[in-house]
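Structure first, commentary second.
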Amino acid sequence: MTFFREYEEDGIRQWADQIQNGDNRMIARAISCLESGDSRGEALLEELYPRTGRAFLVGLTGAPGAGKSTLTDRLITHLRGEGYRVGVLAVDPTSPFTGGAILGDRVRMGRHALDSGVFIRSMGSRGNLGGLARATREAARVLDAAGFEVIVIETVGVGQSEVEIMHLADTVALVLTPGSGDAVQVFKAGIMETADLFVVNKADREGAARLVRDIEEMLSLVKEEGDWIPPILRTEGKTGRGIDELWSGLQKHRQFLQESGQWEDQRRTHLRRELETIIEEAMRTHLLREMNTSAFQRDLDRMQIRQESPRRVARKWLDRLVGGNPEGGGT
Ligand SMILES: Nc1nc2c(ncn2[C@@H]2O[C@H](COP(=O)(O)OP(=O)(O)O)[C@@H](O)[C@H]2O)c(=O)[nH]1
Ligand SMILES: [Mg+2]
């Protein structure tokens with residue numbers, strides 16, 4: 001037994017080393033394990049975790065068709081020119097496809113396929129949004145350990161799961177387009193507050209100046225003084241115009257976070273949220289399992305015939321499950 005366990009551990013360490021050396025095939029294999037919930041993925045992450053924390057995580061979000069992939073492609077070229085290695089996770093919660101099967105992204109970013117300094121991966125949800133956020137976070141860690149200095153996380157839409165995915169990023173850029181009316185939607189959904197940069201893409205189109213004004217106006221309603229003021233940048237994904245400004249805007253935000261001390265605070269908040277989610281999910285699974293037992297059913301019966309109150313039953317079960325009580329007081 002011990003022999004096999006040690007053999008397994010050696011294998012995991014070797015795998016982690018290959019990843020750290022930038023072996024893209026081993027990176028892809030790791031992400032597949034994490035997506036499918038393969039237990040080797042967890043062991044690998046244990047090995048990789050101390051080797052992470054250096055990458056700059058950039059979230060790029062916005063409605064489908066806003067031009068996120070086109071901009072990412074441009075950004076990759078720009079960053080490669082500056083010597084950075086770039087990882088991209090293109091997340092689409094509405095897509096059942098994973099592992100680079102999203103055709104549009106492949107077409108738009110495919111020219112980097114032969115560049116070993118670039119790693120691009122599409123991630124879909126297969127209907128499990130919580131799992132997608134976790135897999136994306138962990139995939140980003142694999143890329144981080146592999147030494148990609150910049151990791152772009154592209155996410156579709158403005159729903160709850162996207163907000164969760166955006167919480168992975170150090171800096172979030174929100175991509176909007178003229179004439180789409182998404183500025184108002186975004187404002188209503190409260191996404192405005194989470195964006196560190198606004199990108200008005202397709203600035204070649206009519207209505208770009210108007211959109212910039214609308215964003216400025218809405219921003220003046222939500223942003224507090226003394227804080228980071230999100231710049232509003234104009235880009236053209238098609239021509240690459242504005243990409244320099246986009247990168248310098250992203251860097252400025254990173255610098256702001258670091259100089260104000262918010263960089264570490266924010267990362268701590270993200271870790272706290274992650275831990276909370278993991279524990280919450282585990283406890284929920286545990287609880288659901290217990291609720292299927294006959295002991296639980298008997299308690300339900302007792303409640304139904306008014307023999308025991310829900311609070312009392314709950315207290316008993318909480319004691320059994322976590323050793324606490326619903327008031328959280330306890331002595
Ligand atoms: N007119 C115009 N079209 C653009 C621009 N940037 C991207 N597009 C087009 O918008 C469409 C959607 O782009 P894509 O990058 O796939 O959007 P995503 O869904 O946000 O990733 C594509 O047909 C792009 O060629 C731009 O600056 N101007
Ligand atoms: Mg895309």
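Bear in mind these aren't lab numbers, they're just calculated from the coordinates by the rules spelled out. Nothing here was measured: the structure is a model prediction, and the numbers come from that model. So basically every Cβ, Gly included, is an ideal-geometry build from the backbone, and we count neighbours across all protein chains shown.
The angle separating the long axis of helix 39-48 from the principal Cα axis of greatest extent in the chain is about 60 degrees. The lysine pair count for the chain, using Cα distances under 26 Å and pairs eight or more places apart or on different chains, is 12.
Scanning the chain for GluC sites (Glu not before Pro) in DSSP loops with at most 11 neighbouring Cβ atoms within 10 Å leaves 83-205 as the longest stretch between them. With respect to the chain, whose longest principal axis is taken over its alpha-carbon atoms, helix 243-260 is tilted by about 50°. On full extension, the segment bounded by LYS252 and ARG80 gains 60.0 nm, given 0.36 nm per residue less the C-alpha separation. Were the residues from ARG111 through LYS238 laid out at 0.36 nm apart, the gain over their Cα-Cα distance would be 44.3 nm. Based on C-alpha pairs under 8 angstrom that are at least 6 apart in sequence, the chain has a relative contact order of 17 percent. Here the label points at HIS286 and SER36, each 7 Å from Cα along the C-beta direction, are separated by 2.9 nm in the simple model.
Within the chain, the longest run free of trypsin sites (Lys or Arg not before Pro) that sit in a DSSP loop with at most 10 other Cβ atoms within 10 Å is 55-305.
Label separation (ASP204 vs ARG272): 4.6 nm, computed from points 7 Å beyond Cα along the C-beta direction. Computed per residue of the chain from DSSP H runs no shorter than four, each worth -39500 (n - 2.57), the mean residue ellipticity at 222 nm is -17500 deg cm²/dmol.
Remark: spin-label model distance ARG311-GLN262 equals 4.3 nm, labels positioned 7 Å along the Cα→Cβ axis.
Helix 2-20 and the long axis of the chain differ in direction by around 20°, with both axes built from C-alpha atoms.
Shape of the chain from the C-alpha gyration tensor: oblate (a/c of 1.5 or more and a/b not above b/c, with a ≥ b ≥ c the square roots of its eigenvalues).
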